[in-house]
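Report on the structure given below.
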Number of protein chains: 2
Amino acid sequence: MMRAGLTAERVTLAAAELADEVGLDHLTMSAVARRLGVKDASLYAHVRGLEDLRGRIALLGADEKTIRIAEATAGRAGKDALVAYADAWRAYAHDHPGRYTATQIPMEIDPELLARAPGPRRAIELTYSMLRAYALTEPDLTDAVRLMRSTLHGFVSLEAAGGFAHARPAQESWLRCLDALHSLLEHWPAPDEGDPR
Amino acid sequence: MMRAGLTAERVTLAAAELADEVGLDHLTMSAVARRLGVKDASLYAHVRGLEDLRGRIALLGADEKTIRIAEATAGRAGKDALVAYADAWRAYAHDHPGRYTATQIPMEIDPELLARAPGPRRAIELTYSMLRAYALTEPDLTDAVRLMRSTLHGFVSLEAAGGFAHARPAQESWLRCLDALHSLLEHWPAPDEGDPR
DNA sequence: GTTTTTTCCTAGGAAGACTAGGATAGGCAT
DNA sequence: ATGCCTATCCTAGTCTTCCTAGGAAAAAAC
């Protein structure tokens, strides 16, 4: 009897593919096992359980997304970099909806595993270094980073949920939103004390 | 033997409460039945199944959220209205995380049920009428509405997922993001054709 | 008071998460 | 090559959950 040659990584990858196909919440241990040609009990030698598996998918997604963004923005600056960054983000979410969804679920991920994954940390660093091109200083820089991540994630998330009625193509709104973000970062407003009237 | 007096609405409400407590993805038919003091099979007289129940929770959440926003923004204008709108949005997500999560999941909701629910439609209308206070014309108005919804949803969603490391309080970033949104709406940029260098 | 409708139950099947314990494939040393 | 050892994979079984079918009885209609 041949062995399947399972590892935690291979199991995670198969699970990620499956999650992309059927949606993260339809991901089951049994289905992953079937895809790998293995009985479901065999998976537990490599992965603690379904919760753990979803955490691993989230980490994989974060790593992959970060790499894509890093490649896309390499050598670019200013609005070029911003658009490349945002497009890479959105493209990853489109290409890997299951993995992307996994990254946005509040989970207790194995701390040791999380410490080993460079993705989440590096993603933040990338954003900071890109936004440093604009004339922002702390704490505005942090707020701008959060605004940008919020907007990108929110857009992609609403788009995936069918939140944009088909009146106007999402792609056009997307481009205009990036225009707006760029303009906003160039003219970041001072804190607004009290009623301006 | 007394009857429990179930209706689709009561089942949905119990399910929504449970989803808020344990998280939407830990919502089970059995648990809802237990909370109502009823066997799980009894629920199927009022609700098609778990999927349908989640759809109903989503619709309930959309309705409630819309009402809260409408109340908060009533009689306000300009930045006042914007802040009230955004705060109400965020507060609802905090108060009812399960229902809020339900609204952002791509689902096939019973079309007849959806047609009966005023929430989703009215939410969009509210946003449009608020943003009409700024000097925006179509298609910029639609893009601005989408940007605003994206940013609010993204912020709330990332916050719930623990996406903001505790370096800076989320509340402060939130206020500054609203400043930024307001400023952006007042100075919505023209489309950026080609490379600006 | 009888009939009808609705509500809720019991019973049970199918699928999935997970555990315990056994068999064996492959690597390793001798 | 042979024997050992570890990790891998399986069988068997438990428990939970979703959901259906059909029956009993409570409430409603008449």
Notebook entry, point to check: Could you give, in nm with one decimal, how far A:A77 is from each other copy of that position, shortest first, with labels 7 Å out from Cα toward Cβ?
Noted result: 4.6
Checklist line | Folded to 0 to 90 degrees: helix A:170-186 orientation relative to chain A principal axis, Cα | finding: 50
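Using a Förster distance of 22 angstrom, determine the FRET efficiency expected from the C-beta separation of B:A70 and B:T137, and round it to 0.05. Please report the intermediate quantities before stating the final value.
On the way: r = 24 Å, r/R0 = 1.11.
Efficiency at R0 = 22 Å is approximately 0.35.
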Notebook entry, point to check: Placing +1 at every Lys and Arg Cβ and -1 at every Asp and Glu Cβ, with all other atoms neutral, what dipole size does the protein assembly as shown have around its Cα centre, in debye to the nearest 20?
Noted result: 960
Margin query: Please list the three semi-axes, largest first and in whole Å, of the ellipsoid equivalent to segment A:116-159, using sqrt of 5 times the eigenvalues of its alpha carbon gyration tensor.
Written below: 19, 16, 8
Notebook entry, point to check: Cα atoms only, segment B:58-186: Rg and Dmax in Å?
Noted result: 14.8, 46
Next item on the list: Would you give the gap between the C-alpha center of segment A:166-187 and the C-alpha center of segment B:119-177, rounded to a whole Å?
Entry: 13
Note to self: Nearest the rotation axis from B to A, which residue of chain B has its beta carbon, and at what whole-angstrom distance?
What the structure shows: B:G154, 1
Notebook entry, point to check: From the label point of A:A165, set 7 Å from Cα along Cα→Cβ, how far away are the matching label points in the other copies, in nm, ordered shortest to longest?
Noted result: 4.2
Item checked: Interatomic Cα distance distribution for segment A:1-101, bins of 5 angstrom, percent -> 2, 14, 22, 18, 14, 10, 9, 6, 3, 2, 0, 0
Note to self: Assume the label is 7 Å from Cα along Cα to beta carbon: what separations in nm does A:S42 have to the matching positions in the other copies?
What the structure shows: 4.5
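Per DSSP helix of 4 or more residues, -39500 (n - 2.57); summed, then divided by the residues of chain A. What does that give at 222 nm, rounded to the nearest 500?
Details: 9 runs with 129 residues, N = 197.
Theoretical 222 nm ellipticity from helices: -21000 deg cm²/dmol.
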Item checked: Dipole of the protein assembly as shown [Lys/Arg +1, Asp/Glu -1 at C-beta], most positive-end residue of A:P139, B:V156, B:I105 -> B:I105
Item checked: Cα convex hull of the protein assembly as shown, projected area averaged across orientations, nm² -> 23.2
Item checked: Cα centre as origin, Lys/Arg/Asp/Glu Cβ charges: chain A dipole, Debye -> 660
Note to self: Cut-off 19 Å, label point 7 angstrom out along Cα-to-Cβ of A:H166: give me the residues of segment B:117-142 whose amide nitrogen falls inside.
What the structure shows: B:121
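Suppose a student asked you for the relative contact order of chain A, using Cα pairs under 8 Å spaced at least 6 residues apart; what percent would you report?
Working: 166 pairs, mean separation 40.6, N = 197.
It rounds to 21 percent for chain A.
Read-outs: derived from the displayed coordinates by stated rules, not from any lab. Worth saying up front: this structure is predicted, and the values here are computed from it rather than measured. With ideal geometry, Cβ positions are generated from the backbone for all residues, glycine too; neighbour counts draw on all protein chains shown.
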